[in-house]
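Data block below; observations after.
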Amino acid sequence: MKKTKIDHYTDKEALEFHSQKKPGKIEIISSKTMTTKRDLALAYSPGVAAPVRAISENPEAAYDYTSKGNLVAVISNGSAILGMGNLGALASKPVMEGKAVLFKRFADIDSIDLEIDCSDTNEIINSIKNFAPSFGGINLEDIAAPDCFIIEQKLKEILDIPVFHDDQHGTAIITTAALINALDISGKSIKEIKVVVNGAGASAIACTELFKNSGVQHENVIMLDRKGVIYNGRTEGMEQWKSKHANETKLRTLEEAIKDADVFLGLSAKGALKKELVKTMAKNPIIFACANPDPEITPEEINEVRDDAIIATGRSDYPNQVNNLIGFPYIFRGALDVRSKTINEEMKVAAAKAIANLAREDVPDEVVAAMGGERPHYGKDYIIPSTFDPRLISVIPAAVAKAAMDSGVARKPIKDFELYKDQLKQRLDPTVTIMQGINSYIKKNQKKIVFADGEDINTLKAAIAFKSSKLGIPILVGKKEKIKEQIKKIGYDENFDIEIVNSKDTKKREKYVQYLFKKLQREQGLLEWDCDRLVRNDRVVWASCMVACGDADGAVTGNTRRFGASLDKIKQVVNPRPGEIMFGLNLVVHKGKTIFVADTSVHEYPGSDQMSEIAISAARVVRLFGFDPKVAFVSHSTFGQPVTSRTKHIKKAVDILKEKNVDFEFDGDMQPDVALNIEYKNLYPFSNIVGNANILIMPGQHSAAISYKMMKELGDTKVIGPLLIGLGLPIEIAPLRTSTSELINLASIAAYSADVIDYKK
């Protein structure tokens, strides 16, 4: 298969991703335990009769006894799939599943995709009307205009749950937020600006309507389609939705319309706006070139002719990305939480204002950590919050919910908004924030990362994705012929531009041999030819030498051999950092809660002194990820009960920390449930760590490895790591048969560490 235009992957990889393990991207799991006969009796017959009767007597009870209140139907007929056109209902299913995944990941909303094989609007409306009682909201997607207008409008009239066509209103809300801030920065009044909208599809019309609802005057808006300006009296290519935005004007072309315009909104096609036209716009022009994947005009082209423009696009590689992901999950979250009957204009405007206001706020330290150490400031290049800003989940739903209440469409008003915002924060998936922050940082600070297992297919995929995602510069260790063969298997051209190194490079080999001989001749009594054999025959040694000798900034290895075997080779090349203890640290994320587990890979049975040092180093690393460290020394016992030799050992580690007067909270010994479950707080009120721990210091490597691997395999748990802490250079070791995405994470962390940690100290 040929490589797609998107460089992050090939078609073959995308197909493999969708087919691996369970085909598709979603599944349904039970929210209740179903282990006993009694459980089954309560869940189905005869217990299910009780909620059935309750709902028959009061339909609102469905929100209390079923999933309805947190369930959204993602619906399409496939008539306008992305930019590919009408490919049919079944072909739209991967996109709709993807939308369902985004709902879950960013707002903890359960979604079911429903593809309707029909082009008749009345049939589609009736179908949705008939199954709508099962859902708390309806998200329409990839339905061609004008059918999307007809379907949404009718459904909003006949249903008492939110109906939202994201292609229209999601884009409109984000764009309006951007407009509000762009006007503020440029010092222009929304009631006075002249706006040119190039495009008259669903998104363009929705944006224009929300602009007007936010204060833009109707007579100040000129809309164009492929035929030119939409004006009063035009008949060609017209329909009611376009006609609504027709104006009394003599203007007929984009060239005429854009002269002295304050705002250009493009939802049309690549190259639609020329530099020469940009020159004719008003002072401090606002240009939103939102055609995807290529905008109407690039920021570079604009900057060639104007230095006063405020620019937004639909692309992530430019500032001010207009991305619907900032909107739809959180808008539905707020609507569902108050059991709103609809998503009205007041709620859309509230969402737009909330997004705009968030960009103006001082960015707190936690957001800086989330964005890779970069502190954005409100201005021309920051008018829209980052997609991964962790504050979105608490800000937008709250604004939407309040607007629903104020406009009279909420059936379950929120009484305590501060409590509500705290509850919303708990829904956020922290791994999104953590890795996005790291990746944002390393994209601006490109590092060379060696992938030692270059012939391994997963490692190779990870290296290619690392390069294509612009996370850094990968270097592969291995035989060129073998790697090129593997590259072809993935679906790329064998001459894919990526550096391949091996011991045939005599100049590098000699340098590494001399480095290793100088280091090991006294440490281990190795002779020069011993070092030569190590460098020539072991890819881990070679990769480690590359980092040690400055030919690379970091390395990833281990995917094809045991962790301990890789670590032994690395330790021959690289010493621990002075005054530091080496240990493995895993990030474990389950249901929105992130914990750090140590030591997972180095010390079989760490002593009391070692455990205290691991705790100190772990706390330092956790702060780099943006967390306030809270350390629990975990055991089979809690505060000395039952008393065993290992309990005494752990208590001593706690006492050592007390003597050191460290700057983080800690306690122990305690069982893991006591450390993580706040319900135990009443039993042990004297400890601030009970129920609040985010760092678990394990009593032994065996218990640590068993715990996180069991959680990874049996639970809905994400694991990053183990990270090798305390080594004198940024080299990470992946467990055997690590997935491509996990390898990318480790490579990103190695690149991040190479820049933020001073390894010379």
Residue hits (the stretch 260-272; modelled with pLDDT of 95 or more and surrounded by fewer than 15 Cβ atoms within 10 Å (Cβ to Cβ)) are D260
Scanning for something outside the structural domain of D307 (by TED's automatic domain parsing), assigned to a helix (DSSP H, G or I), crowded, with 22+ Cβ neighbours inside 10 Å and at pLDDT 85 or above, does the stretch 370-389 turn up at least one residue? no
How many residues, within the stretch 186-206, are outside any loop (DSSP other than H, G, I, E, B) and more than 24 Å from D308 (Cα to Cα)? 5
For the structure I just gave you, tell me whether L419 is modelled with pLDDT of 75 or more and either of a type in the set (S, T, Y) or buried (at least 20 other Cβ atoms within 10 Å of the Cβ) (or both). no
Report yes if some residue within the stretch 535-555 is assigned to a loop (DSSP other than H, G, I, E, B) and closer than 30 Å to G700 by Cβ; otherwise report no. yes
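Condition check ((1) crowded, with 19+ Cβ neighbours inside 10 Å; (2) charged (D, E, K, R); (3) in contact (Cβ under 8 Å) with a residue 60 or more places away in the chain) across all residues:
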| residue | (1), (2), (3) |
| --- | --- |
| D64 | no, yes, no |
| I81 | yes, no, yes |
| P94 | no, no, yes |
| S119 | no, no, no |
| S134 | no, no, yes |
| A144 | no, no, yes |
| I158 | no, no, no |
| H165 | yes, no, no |
| I173 | yes, no, yes |
The number of residues in the stretch 618-652 that are under 23 Å from A734 (Cα atoms) and modelled with pLDDT of 90 or more is 2
Test S394 against the stated conditions and say whether it is part of a helix (DSSP H, G or I) and assigned by TED's automatic domain parsing to the domain that holds L336. yes
Picked from the stretch 616-642 (must be hydroxyl-bearing (S, T, Y) and over 22 Å from V756 (Cβ atoms)), the residue surrounded by the most Cβ atoms within 10 Å (Cβ to Cβ) is S635
State whether the residues of the stretch 75-82 include one that is farther than 30 Å from D317 by Cα, at pLDDT 80 or above and not aliphatic (A, V, I, L, M). yes
Residue under question is I125, and the condition is that it be crowded, with 18+ Cβ neighbours inside 10 Å, over 30 Å from P390 (Cβ atoms) and without any contact (Cβ under 8 Å) to a residue 40 or more places away in the chain; does it hold? yes
Residue match in the stretch 437-449 (condition: touching a strand residue (DSSP E or B) at 6+ places or on another chain (Cβ under 6 Å), within 24 Å of R561 (Cα to Cα) and modelled with pLDDT of 90 or more): yes
Could you tell me which numbered condition S31 fails, if it satisfies all but one of (1) under 30 Å from D117 (Cα atoms); (2) assigned to a loop (DSSP other than H, G, I, E, B); (3) under 26 Å from the mean Cα position of the chain (by Cα)? (1)
State whether the residues of the stretch 41-55 include one that is modelled with pLDDT of 90 or more, in a loop (DSSP other than H, G, I, E, B) and either surrounded by 14 or more Cβ atoms within 10 Å (Cβ to Cβ) or in contact with a Phe, Trp or Tyr (Cβ under 6 Å, 6 or more places away or on another chain) (or both). no
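The values are calculated or read from the model by the stated rules, or taken from the named source; none is laboratory data. All values derive from a computational prediction rather than experimental measurement. Cβ coordinates were reconstructed from backbone atoms using ideal geometry, including for glycine residues, and neighbour counts include every protein chain displayed.
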